[in-house]
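Reading through the structure tokens given below for one structure.
The numbers here are math on the coordinates, done by the rules we state, and not lab data. This is a predicted model, so every value here is computed, not measured. Counting neighbours? That spans all protein chains shown, and the Cβs are built from the backbone with ideal geometry, glycine included.
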Amino acid sequence: MRMTESITDLARALEKLTPEEHGFSYIDLDREPVAEGDLSGWIIPAKDLYDLKGMPTTFGSKARTRMAEETDPFIAAYEARGARIPGKSVSSELGMSVDAEPRDLPAVDNPIWPGHTPGGSSGGAAVMVARGLVRAAHASDAGGSIRIPAAACGIAGYKPSATTLAVHGYLTTTVADQAFLHQITPSLDRKVRVGVLTEPLMAQTDVQAEYLTAVREAAEKLAAAGHEVIPVGPWPEASETFERFKDIFTSRLVALEDYDYLAEWLRERGLTVSKQQQEESEAYAFALKPRLAEFWDVDVILNPTISCDPPVTGAFSSLSPQDNFEAQTRWVPWTSLFNIAGAAAISLPWPVPGRPQPAAVHLGSLTLTDAELLALARELHE
């Protein structure tokens, strides 16, 4: 695809697109770069869950909108490297769902699957990159919110390793751009053990044939490169792990002052989590990655990113809160494992013969550094 190369190009492109198509929740093309640096010339919108001084933050809800007086440190850091920030990208409300349907604001359409969700919560960011409006867009990931829209829109989404569920990152079209943005030099000087996992973890669901084929072909490519590739079965504690994830995630919503629908349902779940239970779940998360590495005895897990092609817009939000959450989990039954484990992970597009839309494969590190994971990903994608 052809990327816009200047703010003028971006302005021309936006003239032809609706809010449902371009993924911006707010646009300010007059905002100038604040510095010069290695990102000078890059146009990188900020996700609308985070503040950028002088722009409104909606948090994915018209009712939550406020004018930002400060800039989030991650956004300030990439702006200080010279990036230009022309606005904010659409997110689902508080990043709670894996679609791009903010409350009382336009839902964003998938550019490669018209009429379908682009995934979320960083859906607006993914759409901008997939349409070629920008080379990269800021995103964040607490349960898959970078990797899921990357998979749904046919681009690359990398979640760095972290000691928390949520971590900042970017949507791009290449692994090289991910490495440059994160200031990581990909390097892998050994052959690794790759565990191939095709069975869902956090929910029982069928996996679409194209995604199984993509994983098989990716496994064959890694094996041809000399890596040891072995099939692995599900993590036997997956149900408990997911409950621990929900403990941590929902307990942080207890302080919400305005809530309804999914926010209310998740907050009610959080109210059931005692302080002791929260501490136990956080300790469980801290110890999880080495336990996974020991159980599977591999360096990295290869699996589908999503279980099937993106559902139609409204497929989740038309359901009751509980049914919505369960449907989301069936679509993305793997990604949250790597959040609770604090592990680096990346989603990559994989071509599907006979159709323009790719499937997606996912690499989740258990022993690899971020630099090693990006090097392995580069073997698959570049």
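Could you list which residues have their amide H under 5 Å from that of residue 366, counting only those 5 or more apart in sequence or on another chain, with H placed in the peptide plane?
For residue 366, whose amide H was placed from the backbone, the distant partners under 5 Å are 300, 301.
Multiplying the sequence separation of residue 34 and residue 258 by 0.36 nm and subtracting their Cα-Cα distance, what value in nm do you get? Walk me through the numbers before you get to the answer.
On the way: separation 224, 0.36 × 224 = 80.64 nm, distance 3.49 nm.
Using 0.36 nm per residue and subtracting the Cα-Cα distance, I get 77.2 nm.
Would you kindly derive the ³J(HN,Hα) couplings of segment 194-203 from the backbone phi angles with the Karplus curve 6.51 cos²θ - 1.76 cosθ + 1.60 (θ = phi - 60°), listing them in order in whole Hz, with x for Gly and Pro?
10, x, 9, 10, 10, 7, x, 9, 8, 7
Tell me, what HN-Hα J-couplings in whole Hz come from the Karplus equation 6.51 cos²θ - 1.76 cosθ + 1.60 at θ = phi - 60° for each residue of segment 17-27, using x for Gly and Pro?
My calculation for segment 17-27 gives 10, 8, x, 5, 9, 8, x, 7, 8, 8, 10 Hz in order.
Sort 47, 221, 275, 246 by Cβ crowding within 10 Å, fewest neighbours at the top. Provide the component values of the computation, followed by the final result.
On the way: 47 32, 221 15, 275 8, 246 22.
Sorted ascending by nearby Cβ count, the order is 275, 221, 246, 47.
Counting other C-beta atoms within 10 Å, which of 27, 230 has the fewest, and how do the rest follow? Could the numbers behind the result be given before it?
On the way: 27 17, 230 13.
Result, fewest neighbours first: 230, 27.
How much of the DSSP bridge set in the chain is antiparallel, in percent, rounded to the nearest 5?
Numbers: 28 of 39 bridges.
Among the beta bridges of the chain, antiparallel pairing accounts for roughly 70 percent.
Here are some pairs, 47/246; 47/221; 191/289; 88/275; 191/246; 159/246; which of them have Cα atoms lying more than 27 Å apart in this structure?
In this structure, 47/221; 88/275; 191/246 exceed 27 Å between Cα atoms.
Compute the Cα gyration tensor for segment 274-331, then decide on rounded, prolate or oblate, letting a ≥ b ≥ c be the square roots of its eigenvalues: rounded whenever a/c is under 1.5, prolate when a/b is larger than b/c in the other cases, and oblate in all that remain.
On the way: a/c = 4.94, a/b = 1.40, b/c = 3.52.
Because a/c hits 1.5 or more and a/b fails to exceed b/c, segment 274-331 counts as oblate.
Could you check the simple spin-label distance between residue 297 and residue 11, using points 7 Å along Cα→Cβ, in nm with one decimal?
Using points 7 Å along Cα→Cβ, the separation is 6.3 nm.
For segment 114-128, what does the Karplus curve 6.51 cos²θ - 1.76 cosθ + 1.60, with θ = phi - 60°, yield as ³J(HN,Hα) per residue in whole Hz, taken in order and with x for Gly and Pro?
Per residue, the Karplus-derived 3J(HN,Hα) values read x, x, 10, 5, x, x, x, 7, 7, x, x, 4, 5, 5, 4 Hz.
Which values, in whole Å and largest first, are the semi-axes of the equivalent ellipsoid of the chain obtained as the square root of 5 times each eigenvalue of the Cα gyration tensor?
After scaling each eigenvalue by five and taking roots: 29, 25, 20 Å.
Could you give P(r) for segment 7-181, binned at 5 Å from zero, as whole percent values over all Cα-Cα pairs?
Reading the bins upward from 0: 2, 10, 20, 24, 23, 15, 5, 1, 0.
Leaving out same-chain residues fewer than 8 places away, which aspartates and glutamates sit with a Cα under 17 Å from that of residue 53?
28, 30, 32, 69, 70, 72, 79
Only counting other Cβ atoms within 10 Å, I'd like 340, 184, 7 sorted with the fewest neighbours first.
Details: 340 25, 184 19, 7 16.
Placing the least packed residue first, the sequence is 7, 184, 340.
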